[in-house]
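Right, one structure below, let's go through it.
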């Protein structure tokens, strides 16, 4: 029950991270460890050289962003043998950035349609309706249309995206991903997804 409540809280969480905090989390999530030296000047040189997106960022702004992430327990510092520290994502930080990425996920339609339909079926118990509602919202955001109750359809490949969402929401066992070559009202769906432009 505690774990389920934690997942629900994660899904409901509003993302009020500042732009600089998001940059730091995404860089860390990408496998980059930010090494911080003893002095402020040395630390800033290291951070500033990490990525092009930092070129217009002031040292004070970066320090405030990192301090806020510390206070939120989203990053942690590990001490190195030489006395320097390395910033890494905490477990909470990893979950936060995964959920943050989820809200910006999108399907990139191919130039030419492969003439296959992707159908997502889900049968999620009532006691996990928060998960069901979250999945429904994410399917809509990805561009899937309602095929029928608890079923979405799209002509575009999205297996990786669906697996990411169901893993994060911990509902993979309730969701099926189907690739079909034909649906009986195909003409309607071709019009809905404007597929004549992609054949």
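Summary of computed values
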item	result
Pair list, Cβ < 6 Å and 6+ apart or interchain, from the stretch 122-147 residues that are more than 21 Å from residue 189 (Cβ to Cβ) to residues that are part of a helix (DSSP H, G or I) and modelled with pLDDT under 95	124/131; 124/132; 130/8; 131/169; 134/11; 134/169
Hits in the stretch 140-163 - residues which are touching a strand residue (DSSP E or B) at 6+ places or on another chain (Cβ under 7 Å), buried (at least 17 other Cβ atoms within 10 Å of the Cβ) and assigned to a helix (DSSP H, G or I)	162
Selection count, the stretch 81-139, where residues are loosely packed, with under 12 Cβ neighbours inside 10 Å, part of a loop (DSSP other than H, G, I, E, B) and under 13 Å from the mean Cα position of the chain (by Cα)	2
Boolean, residue 20 is part of a helix (DSSP H, G or I) and either at pLDDT below 70 or in contact with a strand residue (DSSP E or B) (Cβ under 9 Å, 6 or more places away or on another chain) (or both)	no
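The values are calculated or read from the model by the stated rules, or taken from the named source; none is laboratory data. In this text, all values refer to a predicted model and were calculated from it rather than measured experimentally. Cβ sites come from the backbone with ideal geometry, for glycine too, and all protein chains shown count toward neighbours.
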